[in-house]
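Asker: One structure follows; several queries about it will come next.
The values are calculated or read from the model by the stated rules, or taken from the named source; none is laboratory data. Only a predicted model underlies this, so the values are computations on that prediction, with no experimental measurement involved. Using ideal geometry, Cβ is built from the backbone for each residue, glycine included, and neighbour counts are taken over all protein chains shown.
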């Protein structure tokens, strides 16, 4: 159970903390103190629903087919290794987190924009439903993996919302994201090797 939970936390963080529009939006809302807690809550709830749907939906399918289970295992390993290479490539680049600026918006407008940024991004479904779902379905305790991934999402978005103003000077520096990407790559490679060599989850 503990290993399944730890895998959920590690993979969840690895997918969530990558540079992207969602992180930039949450951080910018925090800096502006513009409905930032609501924004973080929407992101957390969306992630939780998608992760649960992926893990438990795919778990039912994989349990009925050894072939699908093998495809998920090797496909997940390949994806994780590919993701690790992309993270290392980003680490070698000069990208920084770019914060959104703009005029003050209503609560409803901010929530609608948050939902659009979160749910209209195809990567969110690949990351949460497909990747986390297929990996979670292979855990010895899928529920623990799901909880771990949800905790990772909650901690990350809560941190961006609650201490965004203090984090911004560091998160907008390319060197910080290089270090984050290296850490992400190492986490992804570790879990990929577990899949490849059939380590106990």
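Asker: Can you tell me which residue is farthest from the chain's Cα centre (by Cα) among those in the range 119-139 that are over 18 Å from residue 14 (Cβ atoms) and at pLDDT 80 or above?
Answerer: 120
Asker: Name the helices (runs of 4 or more DSSP H) wholly within the range 1-62 that hold at least 2 residues that are at pLDDT 85 or above and surrounded by 18 or more Cβ atoms within 10 Å (Cβ to Cβ)?
Answerer: On the way: elements: 2-16, 21-32, 36-62.
Of the helices (runs of 4 or more DSSP H) lying wholly inside the range 1-62, those with at least 2 residues that are at pLDDT 85 or above and surrounded by 18 or more Cβ atoms within 10 Å (Cβ to Cβ) span 2-16, 36-62.
Asker: Which of (1) over 22 Å from residue 10 (Cβ atoms); (2) at pLDDT 75 or above; (3) surrounded by 15 or more Cβ atoms within 10 Å (Cβ to Cβ) is the odd one out, the single condition residue 96 does not satisfy?
Answerer: Condition not satisfied by residue 96: (2).
Asker: On to the next question. Provide a single number: the residues in the range 156-169 that are modelled with pLDDT of 75 or more and within 20 Å of the chain's Cα centre (by Cα).
Answerer: 9
Asker: Additional query: Answer yes or no as to whether residue 78 is modelled with pLDDT of 80 or more and within 17 Å of residue 188 (Cβ to Cβ).
Answerer: Taking the combined requirement at face value, the residue satisfies it.
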